[in-house]
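Below: the structure, in structure tokens.
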Amino acid sequence: MSSSVHTSVSRRSFMRILGAASAAATSFPALAAVQQPAAAPAQGARRGFGGDAGMMRHLSPDTVIISSNENPLGPAQSALSAISETAPLGGRYHQEETMKTVAVFNDLFGLKPGYLALTPGSGGPLDLALMSNIGPDKALVYGDPSYEQGFRAAETMKAPKVPVPLNATFAHDVKAMVKAHPSPGAYYIVNPNNPTGTITPREDILWLLANKPAGSVVIVDEAYHHFSNEDSVIDQVAADKDIIVLRTFSKIYGMAGLRAGVAVARPDLLAKFSTVAPPARSLASISITSSAAARASLQDKELVPLRRKINADVRSETLEFLEKHNYKVVPGSQANFFMVDVKRPGRDFQAAMIKENIAIGRSWPAMPNFVRVTVGTKQEMAKFQTAFVKCMDTAPGAANGASLYMPEYHVPSELYRG
Ligand SMILES: Cc1ncc(COP(=O)(O)O)c(C=O)c1O
């Protein structure tokens, strides 16, 4: 897509979102408080609007894509079979199909009915979890660096943004987070954290739940949970704590394009989502094929342990290679990505790597000389290693990436897509 087409598509989608936002603001109290003027600068600032797909259009078909933390293995065979079995039934709405998947999830986590919403991906409900608990007088406290959807939601809602640096082990510093603001609306914890891949111990999240000011909620984004060895905090939802947990099928389950995710929380916290978007938008029904694929994936007992091991093995091999060559990586990743120091602005290095047909991830303002790299297949990471050494051996500034469309952000959220 040429950049002019890209811009006009983005603008058209953007106008549609604005139209919908203005209509919605009359019905949704929290949105009315921030109305249209708030939406415009936040969207305008999002240079990568359109996501990494925009970048890929400019790349040769054999480019190694290790930029968006997707799973190179794609959906499991069990999920693909479920899709082909349910697709012929797609002429009907089939609410029973999604109810079956919700029941399987509830069983797995010991949740009572009404504590879970099955959604197209987790980005949409993540926005709603954030937006329904923050506002001009309800700050958002979040880790830095961490996933940008947190502070973007704060911008949309005109909520004070309170970034708190990660601690020495690159975990969320929950004690500093509590000290950072006397009465925030929400704390956002990404575990494992994006972009560092590092873990915030479960005990720290339990401490935060026990010590946070009354009236605030803890939002835990477990998008990458399955790659890690840490225990989930979904049991805290079942225990009726002030917590919302998000899960996605986009990562270990390899279903980023199929779109399935869940928001898990007390019914009153899920109901609050409708203060910022109508239920049809927020807890939108997912397609029967995605629902069936999600359920088959949940019931596939081999899938998570096998893929966790495959990812961990390739990640270890890659990190060993980088460390052996004295490159500096952020230690402790338990995710399908890691950060590495490229000793120059990450954006320049990204551009140099694309010339070698390797699309890597972005850098974060808190760590501008580090780039995030997704763990691909063994073969893909072998190509990454060769290109990485070549680009590191090239003097900073030598690569000219100006002709490439380089997205600043991957924007997975349905709310921002239009
Ligand atoms: C930390 C985190 N949360 C949420 C998401 C949203 O993903 P999806 O909408 O595909 O579920 C992503 C996607 O990259 C992510 O990295």
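The values are calculated or read from the model by the stated rules, or taken from the named source; none is laboratory data. Owing to the predicted nature of the structure, the values given are computational and were not obtained by experimental measurement. Reconstructed Cβ throughout: ideal geometry from the backbone, glycine too, with neighbour counts over all protein chains shown.
One table, with the values for the structure above:
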| quantity | calculated |
| --- | --- |
| Residue match in segment 158-166 (condition: over 16 Å from residue 217 (Cβ atoms), away from the ligand (no atom under 16 Å from the Cβ) and β-branched (Val, Ile, Thr)) | yes |
| Candidate set: segment 171-195, residues that are under 19 Å from the mean Cα position of the chain (by Cα) and farther than 18 Å from residue 248 by Cβ; chosen: the one surrounded by the fewest Cβ atoms within 10 Å (Cβ to Cβ) | 171 |
| Per-region count, segment 190-211, residues under 22 Å from residue 329 (Cα atoms) and either among the β-branched types (Val, Ile, Thr) or more than 16 Å from the ligand (Cβ to nearest atom) (or both) | 6 |
| Residue match in segment 129-145 (condition: within 16 Å of the ligand (Cβ to nearest atom), closer than 30 Å to residue 293 by Cβ and among the hydroxyl-bearing types (Ser, Thr, Tyr)) | no |
| Entirely in segment 248-325, the helices (runs of 4 or more DSSP H) that have 3 or more residues that are in contact with a helix residue (DSSP H, G or I) (Cβ under 8 Å, 6 or more places away or on another chain) and either surrounded by fewer than 19 Cβ atoms within 10 Å (Cβ to Cβ) or among the hydrophobic types (A, V, I, L, M, F, W, C) (or both) | 288-299, 303-324 |
| Residues located in segment 252-270, provided they are more than 17 Å from residue 233 (Cβ to Cβ) and basic (Lys, Arg) | 259 |
| Segment 215-226, residues that are away from the ligand (no atom under 12 Å from the Cβ) and out of contact with any Asp or Glu (no Cβ under 8 Å at 6 or more places or on another chain) | 215, 226 |
| Which numbered condition residue 283 misses (of (1) at pLDDT 95 or above; (2) within 15 Å of the ligand (Cβ to nearest atom)) | (1) |
| Residue in segment 339-348 that is at pLDDT 95 or above and more than 20 Å from residue 195 (Cβ to Cβ) present | no |
| Residue 345 without any contact (Cβ under 8 Å) to a residue 24 or more places away in the chain, in contact with a Pro (Cβ under 7 Å, 6 or more places away or on another chain), assigned by TED's automatic domain parsing to the domain that holds residue 63 and not hydroxyl-bearing (Ser, Thr, Tyr) | no |
| Any chance residue 235 is touching a helix residue (DSSP H, G or I) at 6+ places or on another chain (Cβ under 8 Å), more than 11 Å from the ligand (Cβ to nearest atom) and in a helix (DSSP H, G or I) | yes |
| Given (1) more than 15 Å from the ligand (Cβ to nearest atom); (2) farther than 29 Å from residue 213 by Cβ, index of the condition residue 254 fails | (1) |
| One residue from 101, 63, 119 being farther than 23 Å from residue 246 by Cα and either surrounded by 15 or more Cβ atoms within 10 Å (Cβ to Cβ) or within 16 Å of the ligand (Cβ to nearest atom) (or both) | 63 |
| Residue satisfying condition, being over 23 Å from residue 139 (Cα atoms), touching a His at 6+ places or on another chain (Cβ under 6 Å) and in contact (Cβ under 8 Å) with a residue 40 or more places away in the chain, within set 234, 252 | 252 |
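Residue by residue, here is whether (1) under 24 Å from residue 151 (Cα atoms); (2) of a type in the set (S, T, N, Q); (3) modelled with pLDDT of 95 or more holds:
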| site | (1), (2), (3) |
| --- | --- |
| 310 | no, no, yes |
| 314 | no, no, yes |
| 325 | no, no, yes |
| 363 | yes, yes, yes |
| 403 | no, yes, no |
| 408 | yes, no, no |
